[in-house]
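See structure below.
Just so it is clear, none of the values below were taken in a lab; they were calculated from the coordinates. Remember, predicted model here, so these are calculated numbers, not experimental data. All Cβ positions, glycine included, derive from the backbone under ideal geometry; neighbour counts span all protein chains shown.
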Amino acid sequence: MPEGNAARPEPRRVILDCDPGIDDALAILLALRSPEIRVEAITAVAGNVPLERTAENALKLTELAGCPDLPVAAGASHPLERKLELADFVHGPDGLGGLELPAPSRSLDPRPAWEVLAQAALGNPEPLTVVAVGPLTNIALALEAAPDFAWQVEELIVMGGSECGGNATPAAEYNVYADPEAAQKVFASGAQITLLTLEATRQATLRREHLERLRGGGGPVSRAAAHLAAYYLDFAASHGADAAALHDPLAVGLAIDRSFATETVSANVQVETRGEITYGATVINRRLSARPRIDAGEFIRRGDPEPVAPNARLPVKIDGERFTAFLIDRLLD
């Protein structure tokens, strides 16, 4: 993985691709209140709620954070090949748990999200990091529009996938399940990918004591974050959990400070796009070997293991307590 910001003379250049969404909203607020990174645009994709909602939510959140001139572009309104499957039962019909924010005072960037992404990567010599915390449809479309996109992005930080079962189905995590075909295109692209799976993001959690700290802040960001946190924790409690995983904020956290991940491994990641029961599952091969299958006529013979190239880096140990404390501090005003 690229080095963290400690070695950078300037803030890290970032585009955040997202589907706000409660944890996306917290990720946006964290990104826009962190001087270690410079967010150049936010690109919205359909996912947790339809595209018109995710794009409007991104506009509202940038204005809440005091960034009214930040470009926000709408992208894909549906997956590459399948029907859109929402997660509004988690985030509420508006995607923000009923958070009331003023209507945006401006319009979306006229360019489609994938054009914004491609132009930012190919039209500027300064390294670009893309933090993708929704379905990967926009990223796949950027790769189609500009095949060199994979090589021009310094790092693609993806929140998605799992090694041991999902949250959308028993096999699949939501962001990958929402558009498995797009995800497979991204993992096959050759991009420098850091993949934050559920196993990583569940190590950083939001709890009731954090909610009380946010409620102690007097500013608009603190109040909004407290509302989002309360809704998120209530949803978790309704499913028997006393904490909520900070999936998307952690992806932004790694763009800010690499040391939140204390151990990282290489792996080969493939996405199941044909299975009836395992559709959308991420097959994560840490051993980086596979046995070839040879048709011998009456039977199939498996040969000696052969090496498989890694296509992602997986943070597997997270300093979750430090990250959550960092997040709450950044959201207080």
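Tabulated results
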read-out: Length-normalised contact order of the stretch 7-331 in % [C-alpha pairs under 8 Å, at least 6 apart]; value: 18
read-out: Cβ charges +1 (Lys, Arg) and -1 (Asp, Glu), total dipole of the chain, debye; value: 480
read-out: Listed residue (Ala309, Gln119, His78) projecting farthest to the positive dipole end of the chain, Cβ model; value: Ala309
read-out: Rounded, prolate or oblate (a/c below 1.5 giving rounded, otherwise prolate when a/b exceeds b/c) for the chain by Cα gyration tensor; value: prolate
read-out: For the stretch 180-333, size of Cβ-based charge dipole, Lys and Arg +1, Asp and Glu -1, in debye; value: 200
read-out: Fewest-first sequence of Thr282, Thr137 by Cβ atoms within 10 Å of each Cβ; value: Thr282, Thr137
read-out: For the chain, with +1 on Lys and Arg beta carbons and -1 on Asp and Glu, the positive-most of Pro50, Ala140, Ser238 along the dipole; value: Ser238
read-out: Computed [θ] at 222 nm, deg cm²/dmol, the chain (DSSP H ≥ 4; -39,500 (n - 2.57); rounded to nearest 500); value: -10000 deg cm²/dmol
read-out: Chain lengthening between Glu52 and Glu276 when straightened (0.36 nm per residue, less Cα-Cα); value: 77.6 nm
read-out: Neighbour-count order for His239, His247, His78, fewest beta carbons within 10 angstrom listed first; value: His239, His78, His247
read-out: Charge dipole (the chain, unit charges on Cβ, about Cα centre) - positive-most of Asn167, Thr201, Thr62; value: Thr201
read-out: Per-pair calculated FRET efficiency, R0 = 45 Å: Glu126 and Asp242 via Cβ, rounded to 0.05; value: 0.55
read-out: Cβ-placed point charges (K, R +1; D, E -1), dipole of the stretch 112-262 about Cα centre in debye, nearest 20; value: 560
read-out: Fewest-first ranking of Thr197, Thr273, using other Cβ atoms within 10 Å as the exposure measure; value: Thr273, Thr197
read-out: Mean Cβ count within 10 Å, highest first, over the residues of peptides 64-72, 108-116, 222-230, 299-307; value: 222-230, 108-116, 64-72, 299-307
read-out: The chain: DSSP helices with Cα axial extent of at least 20 Å and average Kyte-Doolittle hydropathy no lower than 0.0; value: 220-238
read-out: DSSP beta bridges in the stretch 7-331 [antiparallel fraction, %, rounded to 5]; value: 40
